[in-house]
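Engineer: Here it is, the structure, as structure tokens.
No value in this document is a laboratory result; all are computed from the given coordinates. Being a predicted model, the structure only gives us computed values, none of them experimental. Glycine also receives a Cβ, built like all others from the backbone with ideal geometry; neighbour counts cover every protein chain displayed.
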Amino acid sequence: MFSYFGHLFLTTLYAYFGLTCRFIRNAPGIRHCIDLVNSILLAALRTGPLPKHVAFIMDGNRRFAKHKKIPVEGGHSVGAARLVKILTACYNLKIKEVSVYAFSIENFNRSEEEVKNLFNLLRDRLTTVTSDDNQSALDMGQIKIRVIGNKSMIPEDILKDLEEIEEKKKHYTGGILNICAPYTSRDEICYSLQQITSDASDGNIENVAVIDSDYVRDRFYYGPDSAHVDLLVRTSGVTRLSDYLLWQCNENSTIHFTGTLWPDFTSIELLRILVDWSFNRFLNLDDPESSQIFKSVPLDTLQKPPPLATVTKN
Ligand SMILES: CC(C)=CCC/C(C)=C/CC/C(C)=C/COP(=O)(O)OP(=O)(O)O
């Protein structure tokens, strides 16, 4: 119960904080107060349930660029800077694993120039945030970086640099950042099937019954080390999954769509989403067993079908 009221308090504090910020955040000297309230909020949020694995579909970079009348690559660049801020917030909250849809296989249909710019941006940003003198949250938090997807589609020079970064960070245990590029779930499932067929033709499968869901998952680009996704956030008002993490989202995953364009997506908005998630998880609203505690009528009596003997046919 204490925790329940703690969460109520947190939500109220958050609403107040969010409202105040909007009006006063540019006033001189106010930054310190905001940072202080922010750390109190983070500490309070950490006392409740939090997702272990959060994924983002970072959508809306080009529309942002169009609104701001800047070139498309400017939109992607602001988007990448925003990602670093969001990752910092996630790792400060001790969220163990974050996945981002940095490049869908479908994105190869964009102009050659945009594709080239996106890969360069990916390489350059990652090199900067992981360089030894950068002191970013990613490095300070000992975050392992993994490039997840069909690596054979990545230009050779970029792949070489990305693999160097992966190699340098592979022993880190503070958290995981999965950069999905070039990725689609269907491609990942096909990849797993190819591995399984190859296992079979090598004579390594004696009984087909060994091919269960863990066996299929272990042969994904993601590999066996990943947790299922607890929370998937898509920005920009588009309500599609775009072939992202179809297997990794299970029956308990929450999908959150927000109208905010990715470059405008702030850690405050992420906090609000996490408060909602945490609150729902605390009340366990999706779980009929535990939600009975909060309802006066037990759920099973609400939906009970009539006994078979009383059903009459006309
Ligand atoms: C370090 C690192 C991982 C950097 C990633 C950079 C980044 C933010 C990539 C996202 C690219 C992308 C295709 C965004 C979708 O918006 P869109 O281009 O589809 O925009 P739209 O929805 O307005 O058309």
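Engineer: For the pairs K116/K151; K116/K169; K52/K94; K96/K170; K94/K144, note any where the Cα-Cα span goes beyond 18 Å.
Structural biologist: K116/K169
Engineer: Let me ask another. With each label point set 7 Å from Cα along the Cα-Cβ vector, what nm distance links S213 and M153?
Structural biologist: 2.6 nm
Engineer: Which log10 I(q)/I(0) values does segment 153-200 give at q = 0.20, 0.23, 0.25, 0.33 Å⁻¹ under the Debye formula, counting every alpha carbon as one identical point scatterer?
Structural biologist: Listed by q, the Debye log ratios stand at -0.91, -0.98, -0.98, -1.08.
Engineer: Where does each of 122-131, 219-228, 246-255 land if you order them by average Cβ count within 10 Å, highest first?
Structural biologist: Packing order, densest peptide first, comes out as 122-131, 219-228, 246-255.
Engineer: Also: What is the gain in length, in nm to one decimal, between Q142 and R46 on full extension, counting 0.36 nm per residue of separation less the C-alpha to C-alpha distance?
Structural biologist: Full extension from Q142 to R46 adds 32.6 nm.
Engineer: Could you work out the mean projected area of the convex hull around the alpha carbons of segment 48-165, in square nanometres to one decimal?
Structural biologist: Numbers: hull surface 33.1 nm².
Result: 8.3 nm².
Engineer: I would also like to ask the following. Just to verify a number: FRET efficiency for D199 and L36, C-beta to C-beta distance, R0 = 45 Å, to 0.05?
Structural biologist: 0.20
Engineer: Follow-up. Against the globular-protein guess of 2.2 N^0.38 Å, express the Cα radius of gyration of segment 143-268 as a ratio, rounded to two decimals.
Structural biologist: It is 1.22.
Engineer: Diagonalise the Cα gyration tensor of segment 20-111 and give the resulting equivalent ellipsoid semi-axes, square root of 5 times each eigenvalue, largest first, whole Å.
Structural biologist: Those come to 30, 22, 8 Å.
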